[in-house]
Structures are given as structure tokens and as C-alpha cells.
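The values are calculated or read from the model by the stated rules, or taken from the named source; none is laboratory data. As the structure is a computational prediction, the values presented were derived from the model and not from experiment. FYI the Cβ positions are ideal-geometry reconstructions off the backbone, even for glycines, and counts take in every protein chain you see. What goes into the accessible areas is simple: the full protein's heavy atoms, side chains included, and nothing from ligands, DNA or RNA. Shrake-Rupley method; radii C 1.70, N 1.55, O 1.52, S 1.80 Å.
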Amino acid sequence: MLKISLLARDNTSKPKSLDDGSKSLSESSSSITSERIHPAEEANGLSMMQTLIHLLKCNIGTGLLGLPLAMKNAGLLVGPFSLLAIGILTVHCMVILLNCAHHLSQRLQKTFVNYGEAMMYSLETCPNAWLRTHSVWGRYTVSFLLITTQLGFCSVYFMFMADNLQQMVEEVHVTSKTCEPRKILVLTPNVDIRFYMLTILPFLILLVFIQNLRVLSIFSTLANITTLGSMALIFQYIMQEIPDPRNLPLMASWKTFLLFFGTAIFTFEGVGMVLPLKNQMKHPQQFSFVLYWGMSLVIVLYICLGTLGYMKFGSNTQASITLNLPNCWLYQSVKLMYSIGIFFTYALQFHVPAEIIIPIIISQVSESWALFADLSVRTALVCLTCVSAILIPRLDLVISLVGSVSSSALALIIPPFLELITFYPEDMNCITIVKDIMISILGLLGCVFGTYQALYELTQPINHSVANSTGVYA
């Protein structure tokens with residue numbers, strides 16, 4: 001079995017100085033990849049189908065269900081075209097990241113180079129002396145952004161599961177067998193949503209104790225099955241009796257478009273898993289085919305669900321499309337199935353920050369305490385995502401904020417910059433240079449203005465007509 005467990009690494013030596021500690025920090029985040037993946041282990045790697053399953057599951061999460069609201073924030077015409085453009089740019093940046101990592105691994109004669117290593121090694125050979133001296137901070141920056149992004153995803157998963165669980169429980173007494181459209185929102189907060197988050201917490205802690213990607217692929221398959229089933233029922237509903245779309249604005253205001261940008265970037269949740277998935281493949285050279293095929297399916301799904309969902313619900317579109325579904329047993333089961341899928345996806349998204357943070361902690365303790373330290377850190381990180389969800393229970397705005405702050409940096413800003421510093425000494429094409437600069441500037445503008453708008457909206461009074469509040473529609 002291809003182990004992801006950090007306990008498989010050698011922890012017999014402790015750092016004895018600050019310099020050794022810094023070295024441990026810079027090396028530990030790559031332990032999952034460069035230290036344990038060897039050609040002899042390829043027979044135990046992931047197949048193309050297993051890799052595709054992981055890729056799809058990492059990208060089909062809560063952000064997908066928030067796309068109808070994102071379309072509302074952008075406009076019926078601007079939204080789909082903007083989402084397509086962002087999708088193409090994101091996939092292009094994934095390919096850039098893969099090419100840079102492959103080029104650096106060949107240059108340095110390493111088996112594998114992860115995201116943080118790629119940034120550090122590129123800075124070590126760049127023309128600027130200051131950047132060369134501080135190249136290790138390139139790895140620290142990428143690691144911090146990966147941790148922030150992935151834990152942000154996990155925090156959003158807490159909110160999503162709690163929102164849907166609360167709505168299911170509090171509507172059970174009025175749930176009917178006939179599926180009628182929701183019309184009037186009547187809030188009935190019988191139990192605080194934080195109670196539902198705390199109810200989910202111990203089950204997620206147990207789930208993240210699983211540290212093997214091949215075992216997680218089984219849960220990922222189950223998550224895909226429940227997600228596909230719920231997606232089929234959602235599409236079946238939103239394609240019926242669609243109101244006249246001519247009443248919907250083709251273009252929204254620029255302020256709400258900034259929220260659209262954050263949500264759209266957030267939706268492409270798999271950028272942090274691209275290099276680890278390639279690294280774990282039985283035949284890594286086939287990953288490009290898996291990436292293009294899988295992301296093409298994802299982009300088409302995004303555009304269809306976002307556009308049709310907005311056309312169906314119009315101005316009443318909620319933070320998650322599941323909150324708009326009729327109050328009947330059939331569509332209550334959709335919320336349950338999708339929540340189960342998100343539950344298992346939590347472990348996949350949690351995998352990235354865990355594999356960065358835990359080796360640093362384990363390197364500071366003796367081998368006899370390694371298991372206890374590993375499980376303690378995992379527990380603490382899950383609790384951290386739960387506390388974050390409790391403190392900011394606004395699903396739509398947190399999605400946009402995480403997307404604007406961290407996802408835009410990892411998906412749009414850093415990969416073009418990485419390509420520039422990796423290939424610039426080798427006489428890059430002027431068109432490529434201009435292209436990379438433009439993509440990075442676009443990502444930076446979206447990051448700055450999207451973050452500002454999301455923070456501004458968080459300071460405003462909650463409008464329950466658009467917030468992710470649980471309620472009953474009569």
C-alpha cells in the first residue's frame with residue numbers, strides 16, 4: 001500500500017539548533033513526496049481512474065453549489081463567460097505549475113518537486129541577488145497559502161454541512177411527499193447552527209485519522225456516488241419550468257462581480273492537489289490527460305449548474321442551491337447525499353495542510369511520541385476549522401473571501417510568476433512573458449478588490465434573504 005502516513009518517515013534525529021529547525025521546516029513539507037516516492041513504488045501508485053476520481057472530488061465541493069449565487073453577482077451573460085475564462089486560466093496555470101515542477105526536478109535530478117520546493121528552487125537561480133538569498137521564503141509563502149486555502153475549504157465544509165443539517169432537522173415537521181417550489185422565507189432557528197457544527201466535529205476528527213490515499217480513494221468513490229446522485233436530482237429540478245430569463249440582468253454591478261470572482265476561484269478547489277496527485281500516480285506521465293479530461297468535465301458542470309440555477313431561482317438564489325430546493329423528502333435526501341459527499345471530501349482537502357504542518361511537529365518529538373503528536377495536530381486543525389466556521393457563519397462571503405485571498409494567489413498569481421523565474425534564464429518567448437505578467441496582474445487585482453469587497457460585506461448587517469440562514473419556505 002502506498003502510505004501517506006507521516007509516521008513512515010525517519011524521525012530519529014532532532015534539530016539541535018535554530019538553523020537545524022529552519023532546515024527541518026523547509027524540508028518537512030516535501031517529505032510526503034520527494035523522500036518516499038521512488039520508481040520501485042510505482043506498482044502501488046494510483047491508477048488513472050483513481051486519480052480522476054480524486055481530481056473530480058477535489059473540485060466538486062461546496063463552491064459548486066454556490067455558483068448560482070455567483071452568477072447572480074455577475075449577471076446572466078457576464079457570469080458564464082467569465083466563469084469559462086477563469087476556468088481556462090486556472091487549468092492553464094495548473095499546467096504551468098506541472099511544467100515548472102517537472103523542469104526543476106530534471107534540472108536538480110530529483111524524483112519529485114512539490115509546489116513549495118518549485119518556488120524555492122526557482123528563486124535560488126533567479127537573477128535577483130536578494131531573492132536568491134531569501135529563496136526559502138518562497139517555500140514558506142506557498143506552504144502558508146496552501147494551509148490557509150485548504151483549511152478555508154474545510155471551514156466552509158463545516159458551514160455547508162451544518163446549514164443543510166439544520167434545515168433538514170428544522171423542516172422535518174413540515175416536510176411533505178409533494179415537491180412544491182419554495183416561496184416565502186420564514187426563519188425558524190430552533191437550535192443554534194453552532195450546535196450542528198459541534199455535532200459534526202467528532203466524526204470529522206475520526207475521519208482525518210485516515211492517512212492513506214488509497215483508503216481515502218474508497219471514501220472518495222462513495223462521495224462521488226452520492227454527489228452524482230444529488231447532482232442528477234438537482235439538475236432534474238432546475239431544468240423544469242424555468243422562468244423567463246429576460247427579466248434577469250445580463251450584467252451586475254462591479255461590486256458584486258468582485259464577489260463572483262472570489263467564488264469562482266474558490267470553486268476550483270483542486271489546485272493544491274495537482275502535484276501530490278501526479279506524484280502518487282502509477283504512471284505520472286499520464287497525468288496531463290487526466291487533468292485536461294477531468295477539468296473539462298468540471299468546467300462544463302460549473303457553467304451549466306450556475307447558469308441554470310440562477311435562471312431557475314433568480315433573485316431568490318441562496319448561498320447554496322440546496323437551500324432553494326423544495327421541502328419534500330426527495331430533495332431533503334439530496335441535501336443529505338451531498339452533505340455525505342462533502343463529509344468525505346473534507347479528508348482529501350485536509351490532507352494538504354496536514355502533510356505540511358505535521359512533519360514539522362513530529363521532527364521536534366521523540367519517535368515514541370510521534371503517533372500522539374500526529375493525532376493531536378490533526379485533532380487541533382479540525383477544531384480550528386470548526387471554530388472558524390462558528391466565528392464567521394456566512395457561507396457565501398467566506399467562500400468569496402477564501403477564494404480572493406488564498407485561492408487566487410495559488411491558482412493565478414504564483415504559477416505565472418514561477419514560470420517567469422524558472423525559464424527566464426533560458427531565453428523565454430516575449431509573448432510568454434507578457435502573458436504571464438498579465439495573468440499575475442489579473443489575479444492580483446482580483447485578490448485585492450475581491451478581498452476588500454468580501455470584508456466589507458462581512459461588516460454589514462446580515463440580509464437573511466441572501467445569507468445562508470436556515471429557514472422554512474411556506
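Which of the pairs Lys110/Lys282; Lys72/Lys312; Lys57/Lys435; Lys312/Lys335; Lys278/Lys335; Lys57/Lys312 have their Cα atoms more than 21 Å apart in this structure?
Lys57/Lys435; Lys278/Lys335; Lys57/Lys312
For region 400-444 and region 274-303, what is the centre-to-centre distance using only Cα atoms, to the nearest Å?
Value for the Cα centre distance between the two parts: 20 Å.
Whole-Hz Karplus ³J(HN,Hα) for region 273-278, in order, using 6.51 cos²θ - 1.76 cosθ + 1.60 and θ = phi - 60°, x for Gly and Pro?
9, 4, 5, x, 5, 4
Loop-only chymotrypsin sites (Phe, Trp or Tyr not before Pro) in region 307-404, please: DSSP not H, G, I, E or B, and at most 12 other Cβ atoms within 10 Å.
none
Express the accessible area of region 244-393 per residue in Å², computed with a 1.4 Å probe while the remaining protein chains stay in the model.
36
Set Lys and Arg Cβ to +1 and Asp and Glu Cβ to -1, take the dipole of region 250-371 about its Cα centre, and tell me which of Asn324, Ile362, Phe313 lies farthest positive.
Result: Phe313, furthest along the dipole toward the positive end.
Could you state how much accessible area Phe144 has, in square angstrom rounded to the nearest 10, with a 1.4 Å probe and all protein chains kept in place?
130
On the full set of protein chains, 1.4 Å probe, figure out the accessible area of Asp192 and give it in Å² to the nearest 10.
80
Place a +1 charge on the Cβ of each Lys and Arg in region 301-427 and a -1 charge on the Cβ of each Asp and Glu, then give the dipole magnitude about the Cα centre in debye, rounded to the nearest 20.
It works out to roughly 760 debye.
State to the nearest 20 debye the size of the charge dipole of region 224-313 about its Cα centre, where the only charges are +1 on K and R beta carbons and -1 on D and E beta carbons.
Working: 5 positive and 3 negative charges, 41 e Å.
Value, rounded to 20: 200 debye.
Amide H neighbours of Leu46 under 5 Å, counting only residues 5+ apart in sequence or on other chains, H built in-plane at 1.01 Å?
Residues meeting the amide H criterion: Met281, Lys282.
Tell me, in nm to one decimal, what length is gained between Ile88 and Val434 on full extension, where the rule is 0.36 nm per residue of separation less the Cα-Cα distance?
Going from the current span to full extension adds 122.8 nm.
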